[in-house]
Amino acid sequence: MSLFVFSQILAALAFLFGMASFQFKPRKTVLICIFFCAIFNASHFLVLERYAAGTLIFINALRFLVAAFFPSQRWMWVFIGLSFVSFVFTWQDWVSLLGLAATLIGTVGTFKHTDREVRIYLMWVSAFWVLHNLLVGSPVVMLMEGCFLLSNYWGLRRFYLARK
């Protein structure tokens, strides 16, 4: 099996956890599912030798896990700092800036206190990652993030917009 095929299998596992995550309402459940999604997604990027994206997403995975249990603004600043430090050491090209932007928006959103706020921020994150993945040529993860965007919207609509 080639490394590319292996990376796409890891991406598919991330896809499964990510799609499931937005169909739960409790904030903690959403974040724990996204934690597992991010672990597989980070592994996928590391196999593809996209170290900036892989490292940022691994930090994101830790962020999701911490935020699920400790939604403190102090932790948000710790993860913003870690993201910048990681970015400085793993910078590869201008496309890496898209990963950093997604990570920073996601960090702020992850530490919001309601699942509705988390969902809205993560929709923006997915949009940035769709563009990033298009540019680095990872079809499964590009499809995954596009589906996350739709799944997240569907969950937001189901839990909040359809009730009005």
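Just checking, which of 69, 79, 111, 89 is over 25 Å from residue 138 (Cα atoms) and more than 16 Å from the chain's Cα centre (by Cα)?
Residue meeting the stated conditions: 69.
Out of the range 90-127, which residues are surrounded by fewer than 21 Cβ atoms within 10 Å (Cβ to Cβ), modelled with pLDDT of 90 or more and out of contact with any Phe, Trp or Tyr (no Cβ under 7 Å at 6 or more places or on another chain)?
Within the range 90-127, 97, 104, 117, 120, 121, 124, 127 meet the criteria.
Listed here are the residues, each with its yes/no results for (1) over 25 Å from residue 97 (Cβ atoms); (2) among the aromatic types (Phe, Trp, Tyr); (3) surrounded by 22 or more Cβ atoms within 10 Å (Cβ to Cβ).
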site: 19; (1), (2), (3): yes, no, no
site: 23; (1), (2), (3): yes, no, no
site: 27; (1), (2), (3): yes, no, no
site: 31; (1), (2), (3): yes, no, yes
site: 38; (1), (2), (3): no, no, yes
site: 50; (1), (2), (3): no, no, yes
site: 53; (1), (2), (3): no, no, yes
site: 56; (1), (2), (3): no, no, yes
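Exactly one of these conditions fails for residue 87: (1) in contact with a helix residue (DSSP H, G or I) (Cβ under 8 Å, 6 or more places away or on another chain); (2) under 19 Å from residue 127 (Cα atoms). Give me its number.
Only one criterion in (1) in contact with a helix residue (DSSP H, G or I) (Cβ under 8 Å, 6 or more places away or on another chain); (2) under 19 Å from residue 127 (Cα atoms) is unmet by residue 87, namely (2).
In the range 25-82, which residues are outside any helix (DSSP H, G or I), hydrophobic (A, V, I, L, M, F, W, C) and touching a residue at least 12 places away in the same chain (Cβ under 8 Å)?
Once the filter is applied, which keeps residues that are outside any helix (DSSP H, G or I), hydrophobic (A, V, I, L, M, F, W, C) and touching a residue at least 12 places away in the same chain (Cβ under 8 Å), the range 25-82 yields only 48.
I'd like to know if the range 124-134 contains one or more residues that are among the hydroxyl-bearing types (Ser, Thr, Tyr), farther than 16 Å from residue 19 by Cβ and assigned to a helix (DSSP H, G or I).
Within the range 124-134 (the criterion being among the hydroxyl-bearing types (Ser, Thr, Tyr), farther than 16 Å from residue 19 by Cβ and assigned to a helix (DSSP H, G or I)), the answer is no, since none of the residues qualifies.
Can you run down the residue pairs with Cβ atoms below 6 Å, 6 or more apart or on separate chains, where the first is in the range 128-140 and touching a residue at least 12 places away in the same chain (Cβ under 8 Å) and the partner is aromatic (Phe, Trp, Tyr) and crowded, with 16+ Cβ neighbours inside 10 Å?
Nothing qualifies.
The values are calculated or read from the model by the stated rules, or taken from the named source; none is laboratory data. For clarity, every value in this text was computed on a predicted model and none was experimentally measured. Don't worry about glycine lacking a Cβ; one is built from the backbone with ideal geometry, like all the others, and counts go over all protein chains shown.
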